[in-house]
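Read through the structure below, which is laid out as structure tokens, and then see the notes.
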Amino acid sequence: MSQRKILPHKIYAVVNQKGGAGKSTTAGHLAYWLNQQCSTIFVDADGQQSGSPWMHDLGINIVGMHDPEQLFEELPVLARQYDAVVVDGPGNAGEITKSILGRCDIAIVPNRPSEFDLRSSGTIVQFVRHVRELRGGMPEAVLFLNAAKGKRSVLLREAQEALSDCPLKLSKIVINDLTCITDAPGQRKTVFQMRSEQASSAAAAYNNLFKEVLQVLYDKKIS
């Protein structure tokens with residue numbers, strides 16, 4: 001876990017234009033990670049609401065919002081009440097996603113290293129770019145490769161090359177496709193709480209990814 005003091009009133013959005021990218025799993029682990037350091041609330045904006053029961057089991061504050069106007073109005077209110085607001089976005093690039101991007105401080109974009117997912121990533125990148133034009137460069141954004149089949153696979157290498165010219169920051173941290181991550185919600189735990197070599201590896205990867213996300217925010221604020 002990061003020992004650095006969290007700057008208050010941050011809205012973290014985990015977004016993608018398609019389902020199955022790992023948004024809820026990422027958002028859930030981020031919310032737990034942040035909640036160990038500061039007051040955190042999980043905003044479930046995904047129509048499937050798969051993250052809410054998991055967060056409830058972990059004792060994290062939850063609110064469900066699926067209306068674009070409500071999200072746009074209420075996210076700043078929540079950011080004044082909590083140090084960290086983690087938004088689990090829907091599995092599509094629509095009005096809800098636009099509202100989330102219109103309010104968040106940073107967008108975290110999980111992307112599977114498959115040809116289909118890489119081709120479809122252009123939509124969310126375009127959304128972020130358009131909102132940045134309207135918000136004077138905000139939100140910050142980090143894209144990372146998720147559910148990768150091994151660190152040295154040809155597919156992973158090709159995906160990294162394909163995203164090398166992406167206008168969003170491409171994280172060097174890769175989250176591998178591990179059973180412990182997939183099983184975490186069903187076990188009512190996060191990998192940070194599991195006791196296995198695989199879970200320790202996953203926890204270390206998430207820890208590095210989330211520290212990188214914080215670093216992006218700190219640099220933005222401090223510079």
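The table below lists the values:
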{"read-out": "Candidates 48, 17, filtered to the one that is touching a residue at least 12 places away in the same chain (Cβ under 8 Å) and surrounded by fewer than 19 Cβ atoms within 10 Å (Cβ to Cβ)", "value": "48"}
{"read-out": "Which numbered condition residue 29 misses (of (1) modelled with pLDDT of 95 or more; (2) over 20 Å from residue 216 (Cβ atoms))", "value": "(2)"}
{"read-out": "Verdict on residue 87 being open to solvent by less than 30 Å² (accessible area, probe 1.4 Å) and under 14 Å from the mean Cα position of the chain (by Cα)", "value": "yes"}
{"read-out": "Selection count where residues are modelled with pLDDT under 95 and under 21 Å from residue 149 (Cα atoms), scope the stretch 184-223", "value": "0"}
{"read-out": "Of the criteria (1) surrounded by fewer than 20 Cβ atoms within 10 Å (Cβ to Cβ); (2) small (Gly, Ala, Ser); (3) modelled with pLDDT of 95 or more; (4) more than 16 Å from residue 15 (Cβ to Cβ), which one residue 102 fails", "value": "(4)"}
{"read-out": "Qualifying positions in the stretch 178-215 - among the aromatic types (Phe, Trp, Tyr) and assigned to a helix (DSSP H, G or I)", "value": "206, 210"}
{"read-out": "Residue within the stretch 151-165 that is open to solvent by 80 Å² or more (accessible area, probe 1.4 Å) and at pLDDT 95 or above present", "value": "no"}
{"read-out": "Identity of the residue in the stretch 166-177, of a type outside the set (Val, Ile, Thr), crowded, with 16+ Cβ neighbours inside 10 Å and assigned to a loop (DSSP other than H, G, I, E, B), that ends up modelled with the highest pLDDT", "value": "171"}
{"read-out": "Residue within the stretch 43-62 that is among the hydroxyl-bearing types (Ser, Thr, Tyr) and at pLDDT below 95 present", "value": "yes"}
{"read-out": "The stretch 91-101 - residue that is without any contact (Cβ under 8 Å) to a residue 60 or more places away in the chain and not small (Gly, Ala, Ser) and, of those, nearest to residue 218 (Cα to Cα)", "value": "98"}
{"read-out": "Contacts under 6 angstrom Cβ, first residue in the stretch 132-146 being modelled with pLDDT of 95 or more and open to solvent by less than 40 Å² (accessible area, probe 1.4 Å), partner outside any strand (DSSP E or B) and acidic (Asp, Glu), 6 or more apart", "value": "139/105"}
{"read-out": "Extreme residue, surrounded by the most Cβ atoms within 10 Å (Cβ to Cβ), among residues of the stretch 182-223 that are of a type in the set (A, V, I, L, M) and touching a strand residue (DSSP E or B) at 6+ places or on another chain (Cβ under 7 Å)", "value": "213"}
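The values are calculated or read from the model by the stated rules, or taken from the named source; none is laboratory data. The structure presented is a predicted model; accordingly, all values stated were derived computationally and were not measured. Here Cβ is always computed from backbone atoms with ideal geometry, including for glycine, and neighbour counts include all displayed protein chains. With ligands, DNA and RNA removed, areas are computed over all heavy atoms of the protein, side chains included. Shrake-Rupley method; radii C 1.70, N 1.55, O 1.52, S 1.80 Å.
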